[in-house]
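Engineer: Here it is, the structure in full.
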Amino acid sequence: TGAMIDFLMPGDAAGIIERLADPAIKIVSLTITEGGYFIDPASGVFNPTHPDIVADAQPGATPKTVFGIILAGLVRRRDEGTVPFTVMSCDNIPHNGHVTSDGVIGLARLIDEDLANWVDRITPATTDRERGILAKDFGLEDNWPVFCEPFRQWVLEDHFTGGRPPLEKVGVQFVKDVAPYELMKIRILNGGHATIAYPAGLMDIHFVHEAMQEPLVSGFLAKLERDEIIPTVPPVPDTVLEDYYQLIESRFSNPKIGDTVRRLCLDGSNRQPKFIIPTISDRLKAGKSVAGLALESALWCRYCFGTTDSGAVIEPNDPSWDRLQATAKAAKDAPAAWLAMEDIYGDVGRATAFVEAFAHALNVLWANGARATLTRYLAGKL
């Protein structure tokens, strides 16, 4: 057998709960993306008033959310005298363990106070390209193959309630505190994705590895990472940050993955507050330049206007696209309109140094286009 020995469809709540109640299950891992955690974008904490959470809290409800399903499994285990499993979040969310705990316990409090008291590889979406490679090179027909890069790194906090397999034998790093590794990954890798996404999108570049072959894009990534992003990352045990960045650079350049620029541009309204805005905030607090980060934000704004520099239409690429596009159009003549999106920028959008740097970058972008603007930035003349 392979790594996956069985699966259940998402709609089979009863079957999933039955499996979670099995005493043989010790660990439940989550890879559900940011949207599955029901985080209030304004407060940054679990939102117990979300309609799906409220629905799951109703007596006798069939759970629809991951937290509802987890709790139903835990209730079964409690009633049957089985120890709880460990819930292990693997999503790109700062402090994902605490976020998961807040979600599980938050919903539990809505259901039963006693229950509450008891209780990173790049893998693009599958396309015909991947199906064709599998058929041609391996003689296999699979409608949904999963392609991923060879890089592997899995860092876990060693806090398990019912024991764990010896995963360190297959390369898993167990640490007392995952936060330094998490911050490094979110800022350098995810922030790096955001850095190359929007200039590449404006240049009509399709694949990520093609973006890295464009000197203006790869140069922007290198300069912004080294000048402004990496300096905000505290030391990480047994890790050289420059080496980690060079690894990220090589991963982005891998032509066999087929990762798309459009995927990197997706859902900026949720990703920017997690991957870029905190870095800007730290730079501002330290009194350091935010010229490159302001340009990154201006490129995102320009992208959300809805056309590339060639005039090609950019299809909606964000759950809040209508709002973003309307705001980007207003920002063409009044850049501060973009930064007034309080749920995204918060205090950063009112910081004079950032407001001025952003307005300048956006004005230069509109006057000269992405290529000329990046050329000026790399020459230190933006």
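Please treat every number below as a calculation from the coordinates, not as lab data. Everything numeric in this text was worked out from a predicted model, so none of it was measured. Positions of Cβ are backbone-derived with ideal geometry, glycine not excepted, and every protein chain shown enters the neighbour counts.
Engineer: How big is region 1-119 by the Kirkwood estimate over distinct Cα pairs, in Å? Write out the running numbers ahead of the final one.
Structural biologist: Values: mean 1/r = 0.0677 Å⁻¹.
Every distinct Cα pair counted, the radius reaches 14.8 Å.
Engineer: Taking the convex hull of the Cα atoms, report for the chain its projected area averaged over all directions, in nm².
Structural biologist: Values: hull surface 82.6 nm².
Across all orientations, the chain yields a mean hull projection of 20.7 nm².
Engineer: Restricting to DSSP H runs of at least four residues, report the calculated mean residue ellipticity at 222 nm for the chain, -39500 (n - 2.57) per run over all residues, nearest 500 deg cm²/dmol.
Structural biologist: Calculated mean residue ellipticity at 222 nm is -14500 deg cm²/dmol.
Engineer: Also, I was wondering about something else. Hey, rough spin-label estimate for Val313 and Asn368, points 7 angstrom out along Cα→Cβ, what's it come to in nanometres?
Structural biologist: Result for the modelled spin labels: 3.1 nm.
Engineer: Over 5 Å intervals from 0, what percent of Cα-Cα pairs in region 179-378 sits in each interval?
Structural biologist: With 5 Å bins starting at 0, P(r) equals 1, 8, 17, 21, 23, 17, 9, 3, 1, 0.
Engineer: Right, here's the next one. If you stretched the chain out fully between Glu157 and Lys256, how much longer would it get, using 0.36 nm times the residue separation minus the C-alpha to C-alpha distance? Spell out each step's value before the answer.
Structural biologist: Working: separation 99, 0.36 × 99 = 35.64 nm, distance 3.19 nm.
Stretched out fully, the Glu157 to Lys256 stretch lengthens by 32.5 nm.
Engineer: Sorted by average packing, counted as other Cβ atoms within 10 angstrom per residue and highest first, what order do 324-334, 21-31 take?
Structural biologist: Packing order, densest peptide first, comes out as 324-334, 21-31.
Engineer: While we're here: Going 7 Å from the Cα of His98 in the Cα-to-Cβ direction, what parts of region 274-297 have a backbone nitrogen less than 17 Å from that spot?
Structural biologist: 274-275, 278-279, 282
Engineer: What is the Å³ per residue value for the convex hull set by the Cα atoms of region 284-382?
Structural biologist: 95 Å³
Engineer: Between Glu242 and Arg76, what FRET efficiency follows from the Cβ-Cβ distance if R0 is 45 Å, with the result rounded to 0.05?
Structural biologist: For R0 = 45 Å, the calculated efficiency reads 0.35.
Engineer: Right, another one. Using a basic spin-label model with each label point 7 Å from the Cα along Cα→Cβ, how many nm lie between Lys169 and Asp347?
Structural biologist: Calculated label separation equals 4.9 nm.
Engineer: Taking amide H positions as placed 1.01 Å from N in the peptide plane, with prolines and chain starts having none, which residues 5 or more places from Phe174, or on another chain, fall under 5 Å of its amide H?
Structural biologist: Leu156
Engineer: Here's a follow-up. Cβ neighbours within 10 Å, averaged per peptide: list 128-141, 78-91 in order, most packed at the top. Each step should come with its number before you reach the end.
Structural biologist: Values: 128-141: 11.5, 78-91: 15.5.
Top of the packing list down: 78-91, 128-141.
Engineer: Give the calculated FRET efficiency between Lys136 and Ile32 to the nearest 0.05, with a Förster radius of 41 Å applied to their Cβ-Cβ distance.
Structural biologist: The calculated FRET efficiency here is 0.80.
Engineer: In addition: Please find the FRET efficiency linking Ile25 to Glu249, where r is the Cβ-Cβ separation and R0 is fixed at 25 Å, and quote it to the nearest 0.05.
Structural biologist: 0.05
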